[in-house]
Each structure stands twice: as structure tokens, then as C-alpha cells.
Amino acid sequence: MNIHEYQGKSLLRACNVDIQEGFVAETPDQAVMVANQLHDKFGSEYFVIKAQVQAGGRGKGGGVKLARSVEEAGKIASELLNKTLITPQTGPAGKIVRKVLVAQDVYYKGESDIREFYISLLLDRNKSRYIIMYSPDGGMSIEEVAEKNPDRIFTEEIHPGAGLQSFQCRNIAFNLGLTGTSYTNMLRFLAGVYETFTGCDAQLLEINPVLKTSDDRILAVDCKVTLDDNALFRHPDLAEMRDLNEEDPVETEAAKHNLNFIKLDGNVGCMVNGAGLAMATMDIIKLSGGSPANFLDVGGGASAETVEAGFRIILKDPAVKAVLINIFGGIVRCDRVANGVVEAYRSVGEIKVPVIVRLQGTNAEDGRKIIDGSGLSVCSALTFNEAAGLVSSVLKGN
């Protein structure tokens, strides 16, 4: 689960991490009010207006702008709010800006005495350990740094039993070229960021840039946090931060039915029980000349209602030219799946794409009888190869 920048910064602040202060606004009038508050509290003359969408590259897309007065803060907010922002990570469809963050100017004494760094915490899956990835070249895409100057990217591997150690923080501060007060402040900053990351069961915490100000403060100017969905039961307060407007509505609907669904760009919809079987099914679709339109795992205890919901979700995709349902009946019974397919077929109405159903395992024979006796235009398969052949055939229009 992704959260907004202002929400991520609130988590950092709770762990005593210094941040670029600001408040969220949903109207131009609120933006003016926030700018006035920042002026009164921090003496800010300039303000940074940031579109709150869950995508990187906001600056490149025109979603981060500098206001040189309170009045200009309101004007820029008016220009951004309810507009579609397109960034390198949103795709051509973009995302609607529903909120802006009005933040203080932290580049207050010019750029000669400031520096920008990149710092992130994430899981190294090859080593099954958290790492801190950092670079003295912050404020730009870390992918560009990795491509052009890979020697400028450093990592610290964190032992799961020991956690982040003081010597590692000192090593990071040294590699970033810090001395004196800024060096000491970085040590405290890193300890707080690590506490935030582990305390909220994050999968990723990325700050770009981390700013060394002209008076040697270390601040989080941006913040991207991805939380582990599987750990949200431990954090009901964090679960409430979910912004459904930022998520794919189809994936949101699938989650309501406890379906593991990921939208892809192919032309063959697939519904499977079990992640391993789903991956194999996607491979079969590819080998048959098609391309999977989605990953959909209905789970081991799928009911007829769950199957019907999955079927409806697949058919909402106009790119789908065929549907392959591949179920191995272990815990889930094939006759239940078959009933779900039949009910979905009848309730959805006219279905213009071919549907192929392969059932094996518990009550597979009963399931096939239900499918074959339904009178519906559904192709039944027994083996993987047979299902692959049917997919190939229907895509070729045979």
C-alpha cells in the first residue's frame, strides 16, 4: 500500500526525523491559509506547492512549483487542483490532483551552502536483509545515477538480529562527505528513518532529496513510503491512510472479494487458484501466441460467488479476447467453480469472448458435467496442452 508524501512525513516526524514542514490543502483558499501559517510560524517568504499523487517524477510533470508569495501559493494551488498530472510514472492517463502540500522554503539562503542526498531503505531479496541505499547525488532519478555513475551509489546491509548499528550511520555520513554539525545531525536522522521504516512494516522508504541546509540541518524534503499489505492488521491507523482514488479501481474491487488481482497489458484473461499455477498458466498463454491480460488468483477456498466476481472483473477489460479459467481442485471444489462460472455467465449477459475452462482435482468430473450441461458457449479442457491449444485456436479465430 502506497501513501502520500505528507502522510509519510508525518510518520517520520513521529520518530523525531526533521522534515520540510507543510500542511495539506484541498482548495486554493486552504492553500493561502497554510501559506500564512507557514509565514507566521517559520518566517517563510517562499512556498513549495506539491501535487499529492502517488507517483514519482512530479517535478518533471509540473507538479512541484515555487510560490514567491502567499497569494501566488493560492494561484498555483488553483492551477494544480482537480487537474490531471502526467509524470513518467503515471503513464499517459495521468492522475487527478485532489490535494496539494504547501511546504516551507528550506533553500532559504541560496544554493551555495546546501547539498542534496538520496537515501532509501528496502529489502534485498537476494540476501533476505534490509539495506540502506544512498548516494551523494540526490535530487535526481536514482536510476540515472546508477546508469551513469554507479560508483556514486552506496549500500549498508543491516543484520536482522542487530539492526542498524552506529558505525553504519557514521559510515553513511562519511561517504556523504559530511562533517561537524551536519555529520552529527545525519546520525540522528538515519536512526529516526530506520525506526520509522521498521516500526510501520514498510517495504520501501525513499527520501529524495535529503537536504543539508545552509545552517547544517538535515531534512526530509520528500518522502515515499510503501507499506506491507500483509502487515496492516498490526497497524489499523496506517490502513486508514489508504487513498482509494490513487489505486486502480478494478484492483480495488478485486480486493473487496479477497482476490489477488494485477492488471496486465495482454489479451487473454486468466483466473487460477494458487500463485504457482497462475504463473504457469500465464506462461502457457504466452506460448500459445497470446499475452496474459491479468494475474488473478482466487485463492484456495474460492466460492461460487468469488469466482463470479473474478469473472466479472476480467470481462470489464475491453482488451480481453479470450478467458482461460484453470482450476486445480484441492481445497476448492471444482463443482463450486463450475457453478460460479455458470452463474456469472448468466448474470453478466451476452459474453462476446470465448471462455475456456480447465478443471482438475476435487470433484472435477462433477464440474465438467456442470459446464458441459449448462448449454453455454464454454470450451472445456482436461489437460494443460489442450487448454493451450484452445487458447491458440480462439485467438486465431478458428
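Before moving on, here are some points about what is shown:
- Beta bridges assigned by DSSP with both partners in the chain are antiparallel in approximately 70 percent of cases.
- Across the stretch 227-292, Cα pairs under 8 Å and at least six residues apart give a relative contact order of 23 percent.
- Solvent-accessible area per residue, Å², over the stretch 112-231 with all protein chains present [probe radius 1.4 Å]: 47
- Cα centre as origin, Lys/Arg/Asp/Glu Cβ charges: the stretch 88-193 dipole, Debye: 420
- Note on exposure: Met33, Met133, Met186 ranked by accessible area (1.4 Å probe, complete protein assembly) read Met33, Met133, Met186, with the most exposed listed first.
- The stretch 201-359, relative contact order in percent, only Cα pairs under 8 angstrom and at least six apart counted: 18
- The alpha-carbon of Lys127 sits under 24 angstrom from the alpha-carbons of these lysines, leaving out residues fewer than 8 places away in its chain: Lys224.
- The accessible surface of the chain, taken with every protein chain in place and a 1.4 Å probe, is 49 percent carbon and sulfur.
- The long axis of helix 5-14 is offset from the longest Cα principal axis of the chain by roughly 60 degrees.
- The magnitude of the dipole of the stretch 335-398, with charges of +1 and -1 set on the Cβ of Lys/Arg and Asp/Glu and taken from the Cα centre, is near 180 debye.
- The chain, helix-only ellipticity at 222 nm - DSSP H runs n ≥ 4, -39,500 (n - 2.57), divided by all residues, nearest 500: -11000 deg cm²/dmol
- A dipole drawn for the chain from +1 and -1 charges on Cβ atoms has a positive end, and of Gly22, Val34, Val337 the residue lying farthest that way is Val337.
- About its Cα centre, the chain has a charge dipole of approximately 580 debye under the convention of +1 per Lys or Arg Cβ and -1 per Asp or Glu Cβ, with nothing else charged.
- On Cα atoms only, tilt of 275-287 relative to the major axis of the chain in degrees: 70
- The Leu277 and Phe233 beta-carbon pair, evaluated with R₀ = 35 Å, returns a calculated FRET efficiency of approximately 0.85.
- Residue among Gly8, Val70, Gly43 farthest towards the positive dipole end of the stretch 1-96, charges placed on Cβ: Gly8
- Partner lysines for Lys75 [C-alpha distance under 18 Å; skip if fewer than 8 residues away on the same chain]: Lys50, Lys65, Lys83, Lys99
- Accessible area (Å², per residue) of the stretch 1-65, counting only protein heavy atoms and a probe of 1.4 Å: 43
- Normalising the average separation of contacting C-alpha pairs (under 8 angstrom, six or more residues apart) by the number of residues puts the relative contact order of the chain at 12 percent.
- The lysines whose alpha-carbon is closer than 24 Å to the alpha-carbon of Lys316, local same-chain residues fewer than 8 away aside, are Lys95, Lys256, Lys263, Lys286, Lys352, Lys396.
- Placing a label point 7 Å from the Cα of Arg152 along the Cα-to-Cβ direction, the residues of the stretch 199-230 whose backbone N falls under 16 Å from that point are 208-212.
- Angle in degrees between helix 166-175 and the longest Cα principal axis of the chain, rounded to the nearest 10: 80
- Each DSSP beta bridge with both residues in the stretch 64-179 is either parallel or antiparallel, and the antiparallel ones are about 95%.
- Dipole of the stretch 40-160 [Lys/Arg +1, Asp/Glu -1 at C-beta], most positive-end residue of Leu85, Gly56, Val145: Leu85
- Read-out Cα extents along the principal axes in Å, derived from the coordinates shown; its label in (1) 58, 56, 56; (2) 60, 59, 56; (3) 78, 49, 39: (3)
The values are calculated or read from the model by the stated rules, or taken from the named source; none is laboratory data. Nothing here was measured: the structure is a model prediction, and the numbers come from that model. Cβ atoms come from the backbone with ideal geometry, glycine included; neighbour counts cover every protein chain shown. Protein only, heavy atoms only, side chains kept; ligands, DNA and RNA dropped before computing areas. Shrake-Rupley method; radii C 1.70, N 1.55, O 1.52, S 1.80 Å.
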